[in-house]
1. Would you mind telling me which numbered condition in (1) β-branched (Val, Ile, Thr); (2) free of Cβ contacts under 8 Å to residues at least 12 places away in the same chain; (3) more than 20 Å from Phe130 (Cα to Cα) Ile93 fails?
2. Restrict the check to the stretch 101-109 and report whether at least one residue is of a type in the set (A, V, I, L, M), within 14 Å of the chain's Cα centre (by Cα) and modelled with pLDDT under 95.
3. Can you tell me which residues in the stretch 1-37 are of a type in the set (Lys, Arg), farther than 13 Å from Phe127 by Cβ and part of a helix (DSSP H, G or I)?
4. Any idea which of Leu18, Leu35, Leu69, Leu13 is touching a residue at least 12 places away in the same chain (Cβ under 8 Å), hydrophobic (A, V, I, L, M, F, W, C) and surrounded by fewer than 16 Cβ atoms within 10 Å (Cβ to Cβ)?
5. Among the residues in the stretch 97-107, are any in contact (Cβ under 8 Å) with a residue 24 or more places away in the chain, within 16 Å of ligand 1 (Cβ to nearest atom) and in contact with a Cys (Cβ under 9 Å, 6 or more places away or on another chain)?
6. Just one of (1) within 21 Å of His115 (Cβ to Cβ); (2) within 16 Å of ligand 2 (Cβ to nearest atom) trips up Leu30, so point out which.
Amino acid sequence: METVAYLLFGHFLAALFLYLNHRFVFHGKLGNTKLLKRWKKVHTMHHKFDYVKQWKKYALIPWWGWIGLSSICCIVGYYTNMFFGIGLLSYLISYEVVHYYLHKYPRSNHLNEFHYYHHRKDAKKNFATFWTFFDKMFGTYNKGSK
Ligand SMILES: [Zn+2]
Ligand SMILES: [Zn+2]
């Protein structure tokens, strides 16, 4: 039981971090700092090529991003609890897969529409990729419409 709690806690904490990262680094002033500039650029390019022919080239986390992020998960997991670390990593992996399909099939269901809204209608809304309750919680939610 405790194991599941650690996994879930890690998963949702990573989701919260990525929400904050998307809002304040990718679309905020924090991304203009020297350290985070290159990281922000990945997302700027993703927006530029979001649903066009070359979308695949910019839709995934780059290899150096994966090295950085998975190292953080391993280090945190090592010093706290292994299942907590796995929970963190589980969000990153599910993010990568789900986000890929949100772009592969744009506007095909409510989640795809939710993300499409962020890309094409209002980049200050819908920062969470699939746990939409984060946007509801922080007042940045828009369900979008066809
Ligand atoms: Zn996207
Ligand atoms: Zn964005």
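The values are calculated or read from the model by the stated rules, or taken from the named source; none is laboratory data. Values in this document were obtained by computation on a predicted structure and should not be read as measured data. Here Cβ is always computed from backbone atoms with ideal geometry, including for glycine, and neighbour counts include all displayed protein chains.
1. All conditions pass for Ile93, except number (3).
2. Taking every residue of the stretch 101-109 in turn, none turns out to be of a type in the set (A, V, I, L, M), within 14 Å of the chain's Cα centre (by Cα) and modelled with pLDDT under 95.
3. Of everything in the stretch 1-37, those that are of a type in the set (Lys, Arg), farther than 13 Å from Phe127 by Cβ and part of a helix (DSSP H, G or I) turn out to be Lys29, Lys37.
4. Unique residue meeting the criteria: Leu13.
5. No: zero hits.
6. The one condition Leu30 does not meet is (1).
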